[in-house]
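Report on the following structure.
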Amino acid sequence: IVIVVVCAVVLGLILQRTRDFKSVFTSRCVEYGGYDCEKTWSTFEQAYMGKDPCQVPPESYQALIEAAPIKPACNRMMFWSKTKDVVHDFTTKKECYVTMEDTFVGSLLDGLTWCSKEGSKDTFTSGCPGWSDCVNNTVRSFWNQASASFAQAACGKVSVMLNGSIAAPFSPGSIFASVEVKNFNPAKMEKLEVVLVTQETISNCSSTSLKNLQKELPQGIAFGCTEVPESRIEDCASQPDLPCGSCW
Ligand code: APR
């Protein structure tokens, strides 16, 4: 009896987890609007369901990404690295920039962890491999594929918020450096404008790390960099009358 009860409880918890994850996914989908959420869920699920969570290559998410192509927002696209909180605080208060997390697929999965297991029909939210445990993990592969497609769509003047309080604002292992910069298309992208967010100024626009970014930009894309104190970004975000263009 004890064994049966324990099994039932464990099974109950697993099913609960799947339902919780699906319900977060679905309610975010409904809130975003404009997409068939059951269909989106099933396309998403097919990317990783029943697979070893370390054996899900980025291409697995291609069907999901093709079902919801990035709508290019020329001159308003905002990339970031090591500045997640400040950039999203800004973009939620001022609607002038669009980040990956504001797109349909990005908004569905922002902040979530998910994986399945070989032969399983469940989605788990714990016990999944960490970001660096294996290259082709369920979560990392999604962000790699989605970010590549976001970067391919970048057009006009494009912005990126980098962190000036660390020695390597342009960090080689980051998605921004390893995926996005490599997918920028000079045929549609005129310029990359760095907003270097400073608090303690460890790096500035003339630092080696920023020079490396400039060197790695595909030929034909111009480069600019402005140092902006974090407090200025926060103040500007909370003043509804100030146009975005005047924040830095
Ligand atoms: N361990 C855990 N999580 C990580 C790790 C890591 N080593 N690296 C990245 N992540 C996940 C986390 O969720 C983290 O908040 O990616 C997020 C961003 O990581 P950063 O290193 O700050 O930035 P970066 O890797 O450059 O990714 C941001 O990708 O999401 C897109 O378009 C978006 O330009 C943005 C870029």
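In this calculation the C-beta distance from Gln199 to Asp36 is compared with R0 = 45 Å, giving a FRET efficiency of 0.55. The distance linking the range 138-198 with the range 1-72 is 27 Å (Cα centroid to Cα centroid, whole angstrom). Per residue, the accessible area of the range 25-127 comes to 48 Å² when a 1.4 Å probe rolls over the protein heavy atoms.
One chain, two ends: Asp89 and Phe223. Fully extended at 0.36 nm per residue, the span grows by 45.7 nm beyond their Cα-Cα distance. Rg/Rh for the range 121-248 stands at 1.03; both radii use Cα atoms, and Rh follows the Kirkwood definition.
Long hydrophobic helices in the chain, taken as whole DSSP H segments with a C-alpha length of 24 Å or more on their own axis and mean Kyte-Doolittle hydropathy at least 0.5: 2-32.
What the range 192-248 shows is 56 Å² of accessible area per residue, with the surface traced by a 1.4 Å probe over protein heavy atoms. For Lys157, the lysines whose Cα falls under 24 Å of its own Cα, not counting residues fewer than eight places away in the same chain, are Lys71, Lys82, Lys84, Lys93, Lys94, Lys182, Lys188, Lys191, Lys211, Lys215. Out of the total accessible area of the chain (probe 1.4 Å, heavy atoms of protein only), what percent is carbon and sulfur? It is 53 percent, rounded to a whole number. The average projected area of the chain, computed from the convex hull of its Cα atoms over all directions, is 15.3 nm².
When the convex hull of its Cα atoms is viewed from all sides, the range 189-248 shows a mean projected area of 4.7 nm². Computed about the Cα centre, the dipole magnitude for the chain is approximately 380 debye when only Lys and Arg (+1) and Asp and Glu (-1) carry charge, each at its Cβ. For the chain, taking a cut-off of 4.7 Å between Cβ atoms, the unpaired cysteines are Cys7.
The values are calculated or read from the model by the stated rules, or taken from the named source; none is laboratory data. Please read these numbers as outputs of a predicted model, since none were measured by experiment. Please note: Cβ atoms are built from the backbone with ideal geometry, for glycine as well, and neighbour counts cover all protein chains shown. Just the protein is used for accessible areas: all its heavy atoms, side chains included, with ligands, DNA and RNA removed. Shrake-Rupley method; radii C 1.70, N 1.55, O 1.52, S 1.80 Å.
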